[in-house]
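Novice: One structure, as structure tokens, below. Some questions next.
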Amino acid sequence: MRAVWILWLRQLKRYSRSRSRIVGSLGQPILFLFGLGFGFGPVFARAGNGNYMEFVAPGIIAMAIIFTAVFGGIEMIWDRQFGFLKETLVAPVPRLAIVLGRTLGGATVALLQGLIVFVICLAAGFRIHHPLLLPIALAFMGLISMVFTAIGTAIGSVLRDMQGFQLILNFLVLPLFFFSNALFPVAGLPAPLRVVVLLNPLSYGVAGMRQAFAGGTGFDMLTDFVVLGTAAVVLLGISSFLFSRIEA
């Protein structure tokens, strides 16, 4: 348990020292927020779907979270190339504890990044209708962080170079974001595309955040939480297995 907390704190220290990374990772979400939020807003309203800023803000928050979370996998590749990972692997602690520590640290960093974007969304005009449900929204943000940090850890456990990771980022993470309900409503999509969106765990995280921000509760939110939580557990198990196969 001590090793988990040490690795968690190490990830937070890295985050706090890298100001350029904090600012740089905000560029894309802010671009999408203002470009899409205000650009598609009038079209979305004329279609009778309400305020597009309230619809897209949870998706933009999720965007900031997932890219920061998956970046943890790049850090693992970096640590492997410079020998830092070997020092961790030879330590007399279970590898499961190492995975949990890195995953919790990466998820916490991603959650903090999501909170920064959440504040920016509020400044841009996004409003929450029921502040008492804000902890539920934070819980969904935390689960999204865990899911994509586990994905980054799994990828970083298999790959050995940065170039390969960039390919995975473009062909896995970006499709997971765009083929979700982050930017567009699911209703009206072609049936095959709707199936892809419903199989995407990110869709349930964004839907859960939207319901919490809008003040909604009920069976759908519980379903979102169960599906996303199950995905987090499964992916954490996969990342732990792949990490255990790394040779010191």
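The values are calculated or read from the model by the stated rules, or taken from the named source; none is laboratory data. Keep in mind that what you see is a predicted model, and the values were worked out from it rather than measured. When we count neighbours, we look across all protein chains shown, and the Cβ atoms used for this are built from the backbone with ideal geometry, even at glycine.
Novice: Based on what the data block shows, is Phe148 modelled with pLDDT of 90 or more, out of contact with any Gly (no Cβ under 6 Å at 6 or more places or on another chain) and over 22 Å from Gly215 (Cα atoms)? Break it down into steps so the answer makes sense when it comes.
Specialist: On the way: modelled with pLDDT of 90 or more: yes; out of contact with any Gly (no Cβ under 6 Å at 6 or more places or on another chain): yes; over 22 Å from Gly215 (Cα atoms): yes.
Yes, satisfied.
Novice: Moving to a separate point now. Given the criterion in a helix (DSSP H, G or I), of a type in the set (Ser, Thr, Tyr) and over 22 Å from Phe213 (Cα atoms), identify the matching residue among Thr108, Thr153. Step through it out loud before you land on a result.
Specialist: Values: Thr108 fails: over 22 Å from Phe213 (Cα atoms).
Going through Thr108, Thr153 in turn, just one is in a helix (DSSP H, G or I), of a type in the set (Ser, Thr, Tyr) and over 22 Å from Phe213 (Cα atoms): Thr153.
Novice: Looking at region 180-194, I want the residues that are free of Cβ contacts under 8 Å to residues at least 60 places away in the same chain and have a partner that is surrounded by fewer than 10 Cβ atoms within 10 Å (Cβ to Cβ) and aliphatic (A, V, I, L, M) with Cβ atoms under 9 Å, at least 6 apart or on another chain. Which pairs are those?
Specialist: Pairs that qualify, where the first residue is free of Cβ contacts under 8 Å to residues at least 60 places away in the same chain and the partner is surrounded by fewer than 10 Cβ atoms within 10 Å (Cβ to Cβ) and aliphatic (A, V, I, L, M), are Arg194/Ala187.
Conditions (1) in a helix (DSSP H, G or I); (2) under 18 Å from the mean Cα position of the chain (by Cα); (3) surrounded by fewer than 13 Cβ atoms within 10 Å (Cβ to Cβ), marked per residue:
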position: Phe118; (1), (2), (3): yes, yes, no
position: Leu122; (1), (2), (3): yes, no, yes
position: Val147; (1), (2), (3): yes, yes, no
position: Ala182; (1), (2), (3): no, yes, no
position: Ala187; (1), (2), (3): no, no, yes
position: Arg194; (1), (2), (3): yes, no, no
position: Gly205; (1), (2), (3): yes, yes, no
position: Met209; (1), (2), (3): yes, yes, no
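Novice: Report yes if Arg160 is of a type in the set (Lys, Arg), out of contact with any Ser or Thr (no Cβ under 7 Å at 6 or more places or on another chain) and modelled with pLDDT under 85, otherwise no. Lay out the reasoning, then the answer.
Specialist: Values: of a type in the set (Lys, Arg): yes; out of contact with any Ser or Thr (no Cβ under 7 Å at 6 or more places or on another chain): yes; modelled with pLDDT under 85: yes.
Spelling it out, Arg160 is indeed of a type in the set (Lys, Arg), out of contact with any Ser or Thr (no Cβ under 7 Å at 6 or more places or on another chain) and modelled with pLDDT under 85.
Novice: Next question, about the same structure. Given the criterion out of contact with any Leu (no Cβ under 7 Å at 6 or more places or on another chain) and within 16 Å of Ala110 (Cα to Cα), identify the matching residue among Ala139, Ala150, Ala123. Step through it out loud before you land on a result.
Specialist: Numbers: Ala150 fails: out of contact with any Leu (no Cβ under 7 Å at 6 or more places or on another chain); Ala123 fails: within 16 Å of Ala110 (Cα to Cα).
Within the list Ala139, Ala150, Ala123, the selection yields Ala139.
Novice: Here is a follow-up. Go over the candidates Gly105, Gly101, Gly114, Gly164 one by one and state the one that is within 28 Å of Phe44 (Cβ to Cβ) and not aromatic (Phe, Trp, Tyr). Don't jump to the end; show me each part of the working.
Specialist: Details: Gly105 fails: within 28 Å of Phe44 (Cβ to Cβ); Gly101 fails: within 28 Å of Phe44 (Cβ to Cβ); Gly164 fails: within 28 Å of Phe44 (Cβ to Cβ).
Only one candidate qualifies: Gly114.
Novice: Looking at this structure, is Phe67 farther than 19 Å from Gly205 by Cβ and either in contact with an Asp or Glu (Cβ under 6 Å, 6 or more places away or on another chain) or at pLDDT 75 or above (or both)? Break it down into steps so the answer makes sense when it comes.
Specialist: Working: farther than 19 Å from Gly205 by Cβ: no; either in contact with an Asp or Glu (Cβ under 6 Å, 6 or more places away or on another chain) or at pLDDT 75 or above (or both): yes.
In short, no.
Novice: I would also like to ask the following. So is Val93 β-branched (Val, Ile, Thr), part of a helix (DSSP H, G or I) and surrounded by fewer than 22 Cβ atoms within 10 Å (Cβ to Cβ) or not? Give the steps one after another, and end with the answer.
Specialist: On the way: β-branched (Val, Ile, Thr): yes; part of a helix (DSSP H, G or I): no; surrounded by fewer than 22 Cβ atoms within 10 Å (Cβ to Cβ): yes.
The answer is no for Val93.
Novice: Now for a different question. Write out, first by first residue and then by second, each pair whose Cβ atoms fall under 8 Å of each other, whose residues are 6+ apart or on separate chains, and whose first residue, in region 42-58, is under 23 Å from Leu138 (Cβ atoms) and among the β-branched types (Val, Ile, Thr) while the second is modelled with pLDDT of 75 or more and surrounded by fewer than 21 Cβ atoms within 10 Å (Cβ to Cβ).
Specialist: Final answer for the pair search is Val56/Phe32; Val56/Leu36; Val56/Phe40; Val56/Leu183.
Novice: Being surrounded by 12 or more Cβ atoms within 10 Å (Cβ to Cβ), over 14 Å from the mean Cα position of the chain (by Cα) and not in a helix (DSSP H, G or I) is the filter here, so list the residues in region 161-180 that pass it.
Specialist: Phe179
Novice: Within region 115-132, is even one residue closer than 18 Å to Gly229 by Cβ and at pLDDT 85 or above? Let's see the steps before the verdict.
Specialist: Narrowing region 115-132 to residues closer than 18 Å to Gly229 by Cβ: none.
Within region 115-132, not a single residue is closer than 18 Å to Gly229 by Cβ and at pLDDT 85 or above.
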